[in-house]
């Protein structure tokens, strides 16, 4: 893994074009195998007059979810927090529709939660937020509805059952074994650090979602440098929740590559059998912690049909292609929530394979 990255012809023109589109203010990309990084590059301005480079950390947004799911798998295999444990055994007061579900259903988006809810507008404390999640008011959607609320609740269940902050569990059971503990590595919202790409995007999309629910909320504006963009994550972190579960992590492209290596070739955190079972869980698009390949989504047709990955609203994506044993990472500081970044992600995947950086 110590071999230097190769810089293939397709990558830098692609990054320059993505930057010129105005969709991101900074971007890094990587293509690798389980053994080495094959191609990598960076473009744009990370912080004021500081150019983005391969050490730039980005707000991972929902790319936090695969890290949390990796922790869940490790804890399940160790027998410390079974995925089969019913929610009601953690919280007997939970709505019956929720209480009977195994914790695994939260990580496969099968609880029936609303796709989103402005916890920061509806709650004033951690206790109120938990009561809202458990009370049933936010339930009623079809199983398989993607929701941040699933992961927020699983995170609280892990802390309740194991008596430790989620960040401590993640750092000990996932980040340290993968060599991601040393800074910058994978960090919680790190604040105003020179290695962090500044986010220029506010929460206008959340304003739209709230309006669809009949609620008027204000745009929170772009986060302070090194703080999380997601509104609910900002709220929960402000209440002392170190890692909300749905978002909150920052990292570099090669940090995501290291996570991808474990999912290509398990052994340090969990077994091949556990990985296979995790990817078989759920139905439709969502496996445990991951999204299955969808030609019209962020994956596109270039990568193999058994590929799995995830994207983050803040601007990033990670895809793992087991057929070709490739890991593809595209991290950006998104500026415009209206731009369809999936078009750029699909193009990145297609160019990577066309250029031979990830040949069959």
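The values are calculated or read from the model by the stated rules, or taken from the named source; none is laboratory data. The structure displayed is predicted, hence computed values, not measured ones. Glycine gets a Cβ as well: all are built from the backbone with ideal geometry, and neighbour counts include every protein chain shown.
Among the conditions (1) over 19 Å from residue 315 (Cα atoms); (2) within 20 Å of the chain's Cα centre (by Cα); (3) surrounded by fewer than 17 Cβ atoms within 10 Å (Cβ to Cβ), residue 279 misses just one, which is (3). Remark: residue 305 matches the filter, which requires a residue to be more than 18 Å from the chain's Cα centre (by Cα) and assigned to a loop (DSSP other than H, G, I, E, B).
For region 314-325, name all the residues that are in contact with a helix residue (DSSP H, G or I) (Cβ under 8 Å, 6 or more places away or on another chain) and surrounded by 24 or more Cβ atoms within 10 Å (Cβ to Cβ). Across region 314-325, the qualifying residues are 314, 315, 316, 317, 318, 319, 320.
Within region 51-101, if we keep just the residues that are closer than 18 Å to residue 332 by Cα and part of a helix (DSSP H, G or I), the residue that is nearest to the chain's Cα centre (by Cα) turns out to be 63. Screening 185, 202, 191 for residues that are surrounded by 17 or more Cβ atoms within 10 Å (Cβ to Cβ), modelled with pLDDT under 95 and either assigned to a loop (DSSP other than H, G, I, E, B) or touching a strand residue (DSSP E or B) at 6+ places or on another chain (Cβ under 8 Å) (or both) leaves exactly one candidate, 185. Going by the structure shown, is residue 252 closer than 30 Å to residue 36 by Cα and crowded, with 16+ Cβ neighbours inside 10 Å? Considered against the rule, which asks whether it is closer than 30 Å to residue 36 by Cα and crowded, with 16+ Cβ neighbours inside 10 Å, residue 252 comes out as yes. Within region 327-348, if we keep just the residues that are part of a helix (DSSP H, G or I) and in contact with a strand residue (DSSP E or B) (Cβ under 6 Å, 6 or more places away or on another chain), the residue that is surrounded by the fewest Cβ atoms within 10 Å (Cβ to Cβ) turns out to be 345. In region 287-296, the condition of being touching a helix residue (DSSP H, G or I) at 6+ places or on another chain (Cβ under 9 Å), surrounded by fewer than 23 Cβ atoms within 10 Å (Cβ to Cβ) and assigned to a helix (DSSP H, G or I) is met by no residue.
Assessment of region 41-51 against the conditions (surrounded by fewer than 19 Cβ atoms within 10 Å (Cβ to Cβ) and modelled with pLDDT of 95 or more) yields at least one matching residue.
Just one of the listed residues (27, 87, 45) is in contact (Cβ under 8 Å) with a residue 60 or more places away in the chain, within 28 Å of residue 189 (Cα to Cα) and touching a strand residue (DSSP E or B) at 6+ places or on another chain (Cβ under 9 Å), and it is 27. Taken as a whole, region 257-279 holds at least one residue that is under 19 Å from residue 43 (Cβ atoms) and in contact (Cβ under 8 Å) with a residue 24 or more places away in the chain.
Table: residues versus (1) buried (at least 22 other Cβ atoms within 10 Å of the Cβ); (2) in contact (Cβ under 8 Å) with a residue 12 or more places away in the chain; (3) closer than 27 Å to residue 78 by Cβ.
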site	(1), (2), (3)
129	yes, yes, no
140	no, yes, no
143	no, yes, no
154	yes, yes, yes
158	yes, yes, yes
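Out of 260, 226, one residue alone is assigned to a helix (DSSP H, G or I) and in contact with a strand residue (DSSP E or B) (Cβ under 6 Å, 6 or more places away or on another chain). It is 260.
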